[in-house]
1. Output the residue which, of all residues in segment 277-291 that are within 14 Å of the ligand (Cβ to nearest atom) and under 27 Å from the mean Cα position of the chain (by Cα), is most open to solvent (accessible area, probe 1.4 Å).
2. Within segment 201-227, track down each residue that is out of contact with any Phe, Trp or Tyr (no Cβ under 8 Å at 6 or more places or on another chain) and under 19 Å from GLN18 (Cα atoms).
3. Please state which one of ALA157, ALA170, ALA163 is surrounded by 15 or more Cβ atoms within 10 Å (Cβ to Cβ), part of a loop (DSSP other than H, G, I, E, B) and either in contact with a strand residue (DSSP E or B) (Cβ under 6 Å, 6 or more places away or on another chain) or aliphatic (A, V, I, L, M) (or both).
4. List every residue pair whose Cβ atoms sit under 6 Å apart, with the two residues 6 or more apart in sequence or on different chains, where the first one lies in segment 4-18 and is farther than 15 Å from LEU233 by Cβ and the second, anywhere, is of a type in the set (Asp, Glu) and loosely packed, with under 14 Cβ neighbours inside 10 Å.
5. Do we have ASP205 as surrounded by fewer than 24 Cβ atoms within 10 Å (Cβ to Cβ) and without any contact (Cβ under 8 Å) to a residue 60 or more places away in the chain here?
6. Looking at segment 178-198, is at least one residue under 30 Å from ALA130 (Cα atoms), surrounded by fewer than 18 Cβ atoms within 10 Å (Cβ to Cβ), of a type outside the set (Ser, Thr, Tyr) and in contact with a Pro (Cβ under 9 Å, 6 or more places away or on another chain)?
7. Against the condition touching a strand residue (DSSP E or B) at 6+ places or on another chain (Cβ under 9 Å), in contact (Cβ under 8 Å) with a residue 12 or more places away in the chain and away from the ligand (no atom under 12 Å from the Cβ), how does ALA306 come out, does it pass?
8. For ALA53, state whether it is without any contact (Cβ under 8 Å) to a residue 12 or more places away in the chain, farther than 14 Å from ALA101 by Cα, in a helix (DSSP H, G or I) and open to solvent by 10 Å² or more (accessible area, probe 1.4 Å).
Amino acid sequence: GLPESPPPVLSERRKTRQLQVGPVGVGSDHPISVQSMTTTVTADVNATLQQIAELTAAGCDIVRVACPSADDAEALPAIARKSQIPVIADIHFQPKYVFAAIEAGCAAVRVNPGNIKKFDDRVGEIAQAAKDHGTPIRIGVNAGSLDKRLMEKYGKATPEALAESALWEASLFAEHDFHDLKISVKHNDPVVMIRAYEILAEQCDYPLHLGVTEAGPAFQGTIKSAVAFGALLRQGIGDTIRVSLSAPPVEEVKVGAQILQSLNLRPKKLEIVSCPSCGRAQVDVYRLADEVTAGLQGMEVPLRVAVMGCVVNGPGEAKEADLGVASGNGKGQIFVKGEVIKTVPEHQIVETLIEEAMRIAEEMGET
Ligand code: SF4
């Protein structure tokens with residue numbers, strides 16, 4: 001077919017420095033990446049690698065592993081070597097693990113200076129080790145780990161306090177001529193978080209790692225993250241994202257990927273355009289949408305599939321879809337690009353859609 005022009009985006013990316021987290025570029029020259037964090041005990045190498053494989057399959061670009069103990073630090077070389085995606089070691093409190101992670105070949109290290117005692121004294125050493133290995137570092141604060149000095153100055157974790165804290169940390173590294181940094185300023189309140197990133201975006205050109213921290217269980221956390229990231233991405237702010245949910249990390253990755261896809265910041269894969277159902281519906285739209293979603297999961301070609309509850313508006317409403325169904329009278333009208341191609345009994349709707357999806361995928365030159 002004709003080459004398609006890229007789908008429109010809402011704004012140009014804020015211009016940033018570029019850095020490499022292993023093979024994944026982070027910064028305005030690169031696509032926005034999706035991160036998550038493993039929940040396994042890092043020292044359990046097999047379990048951790050298994051979870052990383054699941055995250056990779058779900059669309060994760062970069063994975064972070066916690067490193068709270070010497071056993072975890074010892075596991076880092078094997079994990080870094082065998083993971084399909086770059087691994088970032090997440091270090092709190094203990095500078096010695098920062099060095100261990102860099103030596104282990106981790107693609108980057110996340111340090112929380114607010115949590116590393118006497119951090120000031122060690123920045124030079126950390127910067128030198130990171131420079132020697134070409135390892136970028138993520139710095140920045142969570143509301144919970146704001147520096148005491150700033151807590152006293154601002155009274156609480158305000159956007160200004162978060163931004164000032166992060167910029168102060170960056171300046172410590174800059175003094176040692178180290179700029180391979182990305183920054184996060186996380187807060188559980190999207191309003192504070194959005195404002196903090198806006199201030200940061202104005203005042204530096206480091207790539208930014210977006211996150212709403214402690215966002216909550218899946219439903220609340222998904223919405224908080226989507227709203228907060230949307231407000232920032234709309235301004236071109238954000239180079240890598242992590243959705244934090246009190247839910248399995250695969251869910252975080254799916255939400256992160258979906259947020260980027262929704263704004264055309266990541267190529268769309270399967271998209272289900274399903275109607276909300278109404279009094280005209282002659283089929284259980286919710287169930288049908290779920291079954292079609294499950295049946296087409298894992299399709300590698302971008303496909304828009306419409307699932308409509310009735311024939312009144314079905315084909316018309318879904319002209320933009322590649323494929324769809326409008327149900328009525330125990331039957332489903334299957335349509336391709338808005339044209340009805342056949343009518344099948346209700347129980348054959350899902351299998352027919354899958355068949356047609358495969359045919360379209362083949363026509364697109366991929367399977
Ligand atoms: Fe209602 Fe039909 Fe529209 Fe679904 S497609 S919302 S059932 S009118």
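1. Filtering segment 277-291 down to residues within 14 Å of the ligand (Cβ to nearest atom) leaves 277-289.
Cutting the leftovers down to under 27 Å from the mean Cα position of the chain (by Cα) gives us 286, 289.
Details: TYR286: 155, ALA289: 13 Å².
Checking each candidate, the answer is TYR286.
2. ALA201, GLU202, GLN203, CYS204, ASP205, TYR206, PRO207, HIS209 - these are the residues of segment 201-227 that are out of contact with any Phe, Trp or Tyr (no Cβ under 8 Å at 6 or more places or on another chain) and under 19 Å from GLN18 (Cα atoms).
3. Details: ALA170 fails: part of a loop (DSSP other than H, G, I, E, B); ALA163 fails: part of a loop (DSSP other than H, G, I, E, B).
Result of the check over ALA157, ALA170, ALA163: ALA157.
4. Every condition considered, the pairs that remain are ARG17/ASP205; GLN18/ASP29.
5. Numbers: surrounded by fewer than 24 Cβ atoms within 10 Å (Cβ to Cβ): yes; without any contact (Cβ under 8 Å) to a residue 60 or more places away in the chain: no.
No: the conditions fail for ASP205.
6. Yes, the conditions are met somewhere in segment 178-198.
7. Working: touching a strand residue (DSSP E or B) at 6+ places or on another chain (Cβ under 9 Å): yes; in contact (Cβ under 8 Å) with a residue 12 or more places away in the chain: yes; away from the ligand (no atom under 12 Å from the Cβ): no.
Taking the combined requirement at face value, the residue does not satisfy it.
8. Details: without any contact (Cβ under 8 Å) to a residue 12 or more places away in the chain: no; farther than 14 Å from ALA101 by Cα: yes; in a helix (DSSP H, G or I): yes; open to solvent by 10 Å² or more (accessible area, probe 1.4 Å): yes.
Spelling it out, it is not the case that ALA53 is without any contact (Cβ under 8 Å) to a residue 12 or more places away in the chain, farther than 14 Å from ALA101 by Cα, in a helix (DSSP H, G or I) and open to solvent by 10 Å² or more (accessible area, probe 1.4 Å).
The values are calculated or read from the model by the stated rules, or taken from the named source; none is laboratory data. This structure is a prediction, so every number in the text was calculated from the model and none was measured. For neighbour counting, all protein chains shown are included, and Cβ atoms are generated from backbone atoms with ideal geometry for every residue, glycine included. Note: accessible area is taken over every heavy atom of the protein model, side chains too, but ligands, DNA and RNA are not part of it. Shrake-Rupley method; radii C 1.70, N 1.55, O 1.52, S 1.80 Å.
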